[in-house]
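Just so it is clear, none of the values below were taken in a lab; they were calculated from the coordinates. Computed from a predicted model, the values in this text were never measured in an experiment. Positions of Cβ are backbone-derived with ideal geometry, glycine not excepted, and every protein chain shown enters the neighbour counts.
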Amino acid sequence: MHIVIMGCGRVGSTLAHTLVDLGHTVAVIDQDPEAFRRLRGAVTKHAVRGVGHDREVLLAAGIEHASAFAAVSNGDNSNIISARVARETYGVEHVVARIYDPRRAEVYQRLGIPTVGTVRWTADTILRRMVPGDQRLTAGPEWHDASGTLAMNEVTLPRTWAGRRVSDLESRTPVRVVYVARGGGILLARSDLPLEAGDILHVVARGRDLDALRSDDETGH
């Protein structure tokens, strides 16, 4: 695969080196020529100076035969514009944009532009670890698909389900258990795994189904 990366900061340069080590070809775009000092060896030969939504810059980076495009500069506007140009003008199949503003990240995600909202994601992750079990902090999804239909979230095992198996929960509720956090460890959610009081389930479901599962816990049903 050929992959174009817009932004040669720590994230962009790390992506570039990792992809090259995996056998892909990479071109890196950045406005600051000093940023290319982060690149090593052969990767430096494919550095293109400019902005990621400029036609000539993108062509020089090989956008016409790129399979993926990552916009990871430090500017939200530049990232989302470049991602849209890559997808809508050049038909790049796999596009992702890093967005710092969590409100913008949510909007663009729903418009079908995959985003990584680093600030919101980091803050939510830290809060979940500092105050485990607080439903006010676990109400938002850990992940959701671009349409907003499916979400993955942490759910404390309803006390009425202790002693049952993962397969029992999945057959009786519209959720799929991905993994279980128990006693500081992580367990892959096999269908025959017995559930224990205090387990934290990481489940995928529709938002309203997650709410229903929490309601069962609160009412004891």
* Structure fact -> For the range 2-122, the Kirkwood Rh over every pair of distinct alpha carbons, in Å, works out to 14.0
* Structure fact -> The answer for VAL116, listing residues at least 5 apart or on another chain whose modeled amide H is closer than 5 Å to its amide H, is ALA97, ARG98, ILE99
* Taking neighbour counts of Cβ atoms within 10 Å as a proxy for exposure, in what order, fewest first, do PHE36, PHE69 appear? -> PHE36, PHE69
* To do: With label points built 7 Å along Cα→Cβ from the Cα atoms of ALA60 and THR89, find their separation and express it in nm.
  => 1.4
* Structure fact -> Final fewest-first order of MET1, MET152 on the 10 Å Cβ neighbour count is MET1, MET152
